[in-house]
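See structure below.
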Amino acid sequence: MSGDLGPYLGVGPRVGLRGFTLADGPEFTARARESRALHEPWLFPPLTEEAYDSYARRLIDDPARVGLLVCERAGGGIAGFVNINNIVRGAFLSGALGYGAFAHAAGRGLLSEGLGLVLAYAFGPLGLHRLEANIQPGNTASRALVRRAGFRLEGFSPAMLFIDGAWRDHERWAVTADAA
């Protein structure tokens, strides 16, 4: 990643990676509403601009989070997002990923390309050593995404996260800087 990246933190052949802004609310929420059938029951991004404003402010203001939008370079439209949450510094240098593609971009490899840029950003400028993704066992698309990116399955956690009204089991996937 050298040279002028324009508004992006990283660029690939088809996507660029940039931070969330409050101005992204209308597009993000419209894409989230269009993508409900794709996301549920795994993911519940904000569907209203009011909910987006609160969500984006947490990503922008909290030093333990980094919110990243995966944007198509042709036109700049938002294809998906990858958030690095629960960032811990010190000896741990780790973060937990949350992510989703929007329906219009699903199956086109854009989030895969974006996740590769996230790894380069996390293990480069952010200085992290490890990223984790906790995935419900039935979410085959998410499992395939992290497997393609080099994550390894590390374990199983029963009743790990409260999602969609119940405590859900999750597989723990991780990648380290030396393996990425």
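The values are calculated or read from the model by the stated rules, or taken from the named source; none is laboratory data. Note that the structure is predicted; figures quoted are calculated from it, not measured. Positions of Cβ are backbone-derived with ideal geometry, glycine not excepted, and every protein chain shown enters the neighbour counts.
Of note:
- Considered as a group, the residues in the stretch 34-61 that are of a type in the set (A, V, I, L, M, F, W, C) and in a loop (DSSP other than H, G, I, E, B) include one that is farthest from ILE78 (Cα to Cα), and that residue is TRP42.
- Residues satisfying the criterion are absent from the stretch 111-122 (criterion: over 14 Å from the mean Cα position of the chain (by Cα) and at pLDDT 95 or above).
- One residue from ALA101, ALA96, ALA79 being within 12 Å of the chain's Cα centre (by Cα), more than 19 Å from ALA32 (Cα to Cα), crowded, with 16+ Cβ neighbours inside 10 Å and small (Gly, Ala, Ser): ALA96
- Scan the stretch 137-168 for residues that are of a type outside the set (Lys, Arg) and surrounded by 18 or more Cβ atoms within 10 Å (Cβ to Cβ) and the total you get is 5.
- Residue within the stretch 69-82 that is farther than 22 Å from ALA122 by Cβ and part of a helix (DSSP H, G or I) present: no
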